[in-house]
Ligand SMILES: [Zn+2]
């Protein structure tokens, strides 16, 4: 797959977005657009906590969820240590 686009989703506590149609895709704080890359279902994603995914997800899905979270954490800029930026008018 060439380039997958995503909608960022960060306004909820349910950080893990799982496709309820194929149950084979999970993303961390984002959902693929315009549809699921696996089953091409539209609006099939629902948010869950990692605990919920661990509760009912397959081993593969749980592994994907953990990997997605780690990848997101690694990609995050370290905001705390960034120097304050003066706003230029
Ligand atoms: Zn799907």
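Some points to look at:
- Between residue 6 and residue 66, the C-beta separation translates, for a Förster distance of 25 Å, into a calculated FRET efficiency of about 0.85.
- For segment 25-44, the residues whose amide N sits under 20 Å from a probe point set 7 Å from the Cα of residue 58 along the beta carbon direction are 25-28, 32, 36-42, 44.
- A simple packing score, the average count of other Cβ atoms within 10 Å per residue, orders the peptides 63-70, 32-39 as 63-70, 32-39, with the highest score first.
- Shape of segment 1-47, Cα gyration tensor, a/c cut at 1.5: oblate
Only the coordinates and a few stated rules stand behind these numbers; no lab work does. Predicted, not measured: the structure shown is a model, and the values here were computed from it. Heads up, the Cβs are rebuilt from the backbone with ideal geometry, glycines too, and the neighbour counts pull from every protein chain shown.
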